[in-house]
Amino acid sequence: MLLVKLECRKIAVEELVELLSDYAELGFRVWLYDKKVYAIFKISSMSVLKQLIDKLNAIQHLKFKFYRIEEV
């Protein structure tokens, strides 16, 4: 299990929530601060995280970075 902290720009909160609901475990948090969308979530494996990254890369104009990925 991995704990992931993510920052995104140029995406709506609702869109990120919809995307994370397909990949993240229940209980994830998403919020908006200073025109950036942040998320903290748990994900089952690195391969699932790679699938999520592919989906994020497919969204045009989206900029994102991971603050931390740690094993829990």
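The values are calculated or read from the model by the stated rules, or taken from the named source; none is laboratory data. Since this is a predicted model, take the numbers as computed values, not measurements. Heads up, the Cβs are rebuilt from the backbone with ideal geometry, glycines too, and the neighbour counts pull from every protein chain shown. Heavy atoms of the whole protein, side chains included, go into the accessibility calculation; ligands, DNA and RNA do not. Shrake-Rupley method; radii C 1.70, N 1.55, O 1.52, S 1.80 Å.
Here are some notes:
- Tabulated pairs, region 23-41, first in contact (Cβ under 8 Å) with a residue 12 or more places away in the chain, second of a type in the set (Lys, Arg), C-beta under 7 angstrom, 6+ apart or interchain: Ala24/Lys42; Glu25/Lys42; Lys36/Arg9; Ala39/Arg29; Ile40/Lys5; Ile40/Arg29
- Yes/no for Arg68 being free of Cβ contacts under 8 Å to residues at least 60 places away in the same chain and either open to solvent by 40 Å² or more (accessible area, probe 1.4 Å) or more than 11 Å from the chain's Cα centre (by Cα) (or both): no
- Within region 6-54, the only residue that satisfies the criterion of being open to solvent by 100 Å² or more (accessible area, probe 1.4 Å) and touching a helix residue (DSSP H, G or I) at 6+ places or on another chain (Cβ under 6 Å) is Leu32.
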